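Report on the following structure.
The values are calculated or read from the model by the stated rules, or taken from the named source; none is laboratory data. In this text, all values refer to a predicted model and were calculated from it rather than measured experimentally. A quick note on method: Cβ atoms are made from the backbone with ideal geometry, for glycine too, and the neighbour counts reach across all protein chains shown.
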Amino acid sequence: MRSYLLASCLVLVPELALAEPLCSLPPLLPERAVAAGPQLRSTIQVGAPANPAQIQVPAVAPPPVLAPRGSEAPTSAEAVRQPPALQRIVASGATLTDLGQYHGMRRVVARTGDELMVVSTTPDGQAIVAGLMSDLSAAELARIAGGNLTELGLQHGLRGMLVKSGPQFQVFYATPDGERVIPGVMWDASGKNLTREQISAVPGAVPTVTIGDTGAPAQGATPAAATAAPAGSALHLVQATTFGTIGNASAPRLWMFIDPQCSFSVQAMQRLQPYVASGRVQLAVIPLSVLDYEDQGRSTTSALAMLSKPADQMVTAWSRGDLNGAPAPEAAARLQANMAAAHAIHLQGTPTFIWRKADGSEGRADGVPGDLNAVLSSIGS
């Protein structure tokens, strides 16, 4: 039974702490999905636009604000009395149902509209862990996981453990008494993803995912001009997005979904610059907005600015930080279409790469690939 429960945690919430070098979607738990088992996935929602009267852009919903049980959204004075980790959530305007103390942690249900998630505050009040508490103890988890468990050390008084199950990784945090573990993600009072930092130092915890064959190239077709992508495939979807290009137009193309404010997207762009400059690859950059919950809406503003530029100027403007000015009237619709494509391919974060291999099959990498040369070689460059 315990082994089943551990497997369930790894299946139900694999997205919460995947050890990939990417900017992840927030760990929101839709109310309607609580009993949905393996179907639970991160969702792309409608974010708060810079100008609500004119713009409606799909973005990832921010972490909900917390309000005491049976109350409306707390006043500013009430917000100040919240632990520091909850004050930032309170400021965003959602509501809280307080579940009280449980195994040394204060549990609350945070709601925004029909979205909810369960969060538990760390003993020092400086961080929260988002996730449903399991009935496994830390000792039971360690016994079941065996050699597949990596200790992450203490973070804000909680013991962190990374458990591997095949290609999946999940981080668990033990309650102060060690009697329960929470599969989830830890965020500090500034909104920083602490789990992402903890797992970055774990050797081998940076998977690169490649999708298998989706079709062979047409007779006589060159690698860069292989057969049209099958309808519904990732390649077919990216070709219909609004994107900016940089590099030699005759070079093999690599598609990259990015959030302009994502540090891993910036890192990927910097690493790819030499290959672009040498003519080895043409980069097609697809702007998204997934980090509004961390950066107070700057992701949407920056993505709209990029999508207001001509295709041959979009990437350069991003690289130079030239993302000011009012968005073009059509920018919001372009961003909405890009977000829909990201949702259709089950995007987990940014950057995400899509490409056609030299043999006509389709490749994908979620996060910054560990070996860019291998990726570029696979597209015939």
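Side notes on the structure shown:
- When the residues of the stretch 296-318 are filtered to those that are of a type outside the set (Gly, Ala, Ser) and in contact with a helix residue (DSSP H, G or I) (Cβ under 6 Å, 6 or more places away or on another chain), the one that is surrounded by the most Cβ atoms within 10 Å (Cβ to Cβ) is Thr300.
- Among the candidates Val238, Val202, the residue that is modelled with pLDDT of 85 or more, under 20 Å from the mean Cα position of the chain (by Cα) and not aromatic (Phe, Trp, Tyr) is uniquely Val238.
- Cβ-Cβ under 7 Å pairs, at least 6 apart or on other chains, the stretch 247-265 side aliphatic (A, V, I, L, M), far side crowded, with 22+ Cβ neighbours inside 10 Å and assigned to a helix (DSSP H, G or I): Met256/Ala268; Ile258/Ser265
- The stretch 343-368, residues that are polar (S, T, N, Q) and either out of contact with any Gly (no Cβ under 7 Å at 6 or more places or on another chain) or assigned to a strand (DSSP E or B) (or both): Gln348, Thr350, Thr352
- Helices (runs of 4 or more DSSP H) (entirely within the stretch 233-324) containing at least 3 residues that are touching a strand residue (DSSP E or B) at 6+ places or on another chain (Cβ under 7 Å): 234-239, 263-277, 298-306, 311-320
- Subset of the stretch 113-127 (residues that are assigned to a strand (DSSP E or B) and closer than 15 Å to Leu154 by Cα): Thr121, Ala127
- Checking each residue in the stretch 341-365 for being of a type outside the set (Lys, Arg), touching a strand residue (DSSP E or B) at 6+ places or on another chain (Cβ under 7 Å) and modelled with pLDDT of 90 or more picks out Ala342, Thr350, Pro351, Thr352, Phe353, Ile354, Trp355, Gly363, Ala365.
- Hits in the stretch 128-151 (condition: of a type in the set (S, T, N, Q), out of contact with any Lys or Arg (no Cβ under 7 Å at 6 or more places or on another chain) and either in a helix (DSSP H, G or I) or surrounded by fewer than 16 Cβ atoms within 10 Å (Cβ to Cβ) (or both)): none
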